[in-house]
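A.B. asks: Below: one structure in structure tokens.
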Amino acid sequence: AMRGLVSVVADFGAILTSPLRRARETAAILYDCCPEGGEPVITPELEVDGSPAAVAELLEARALADPSTVVLVTHEPILVELVERYSGGSVGFDRCGSCLVEWSGAGGMVAWSRTGRELEAIGRSLPA
């Protein structure tokens with residue numbers, strides 16, 4: 001799934017991760033696949049019980065300083081709330097699911113959403 005994700009989001013400026021172990025492990029794998037984005041930054045706001053409003057403030061402040069793509073490694077409840085907040089839509093996630101929300105100053109739009117299985121299929125289709 002990680003190879004598929006890296007192929008779809010090949011250019012990003014940062015990896016922000018929840019402090020929980022599984023999220024940190026996933027962020028480390030992403031960094032190993034694509035170190036250009038920099039080492040993962042542990043971000044307490046991304047914990048399962050984190051506040052979507054606090055994450056939104058963090059992302060908005062970051063976007064003013066650096067408009068590059070940010071990869072969030074977090075958990076379903078907070079991720080779903082963030083997608084809904086930024087896009088006004090909803091998206092369902094399975095294990096390892098991902099989406100890209102394109103942000104413009106006025107709001108966001110879900111550019112794509114992939115299940116873990118879709119990302120695995122993309123990864124398998126890539127040359128070794």
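No value in this document is a laboratory result; all are computed from the given coordinates. Here the structure is a predicted model, which means the values were calculated and not measured. Here the Cβ is made from the backbone with ideal geometry for all residues, glycine too, and neighbour counts use every protein chain on show.
A.B. asks: Can you work out ³J(HN,Hα) from phi for every residue in segment 32-40, in order, using Karplus 6.51 cos²θ - 1.76 cosθ + 1.60 and θ = phi - 60°, giving whole Hz and x for Gly and Pro?
C.D. replies: 4, 6, 8, x, 4, x, x, 5, x
A.B. asks: OK, next. Of PRO35, SER87, LEU58, which is farthest along the charge dipole of segment 29-89 in the positive direction, counting Lys and Arg as +1 and Asp and Glu as -1 at C-beta?
C.D. replies: Of the options given, the answer is SER87.
A.B. asks: If you plug each phi of segment 73-87 into the Karplus form 6.51 cos²θ - 1.76 cosθ + 1.60 with θ = phi - 60°, what whole-Hz ³J(HN,Hα) values come out, in order, with x for Gly and Pro?
C.D. replies: Whole-Hz 3J(HN,Hα) from phi for segment 73-87: 10, 9, 10, 3, x, 6, 5, 4, 4, 5, 4, 5, 5, 7, 10.
A.B. asks: Now for a separate question. Whole-Hz ³J(HN,Hα) for each residue in segment 43-48, computed from phi via Karplus 6.51 cos²θ - 1.76 cosθ + 1.60 with θ = phi - 60°, x for glycine and proline: what do you get?
C.D. replies: 10, x, 4, 8, 5, 3
A.B. asks: Let me ask something additional. For a label point 7 Å from the Cα of GLU84 along Cα→C-beta, name the residues of segment 38-57 whose backbone N is under 12 Å from it.
C.D. replies: Answer for this model: 52.
A.B. asks: Right, next: Starting from the amide H of THR69, placed 1.01 Å from N in the peptide plane, find each other amide H under 5 Å away whose residue is 5 or more places distant or on another chain.
C.D. replies: The list, which skips near neighbours in sequence, is GLY13.
A.B. asks: Right, something else. I want the local charge near GLU47. Using Cβ-Cβ distances under 14 Å, sum +1 for each Lys or Arg and -1 for each Asp or Glu among the other residues. Intermediate values should be presented prior to the final figure.
C.D. replies: Working: positive: ARG21, ARG22, ARG24; negative: GLU45, ASP49, GLU76, GLU81.
Net local charge, GLU47 excluded: -1.
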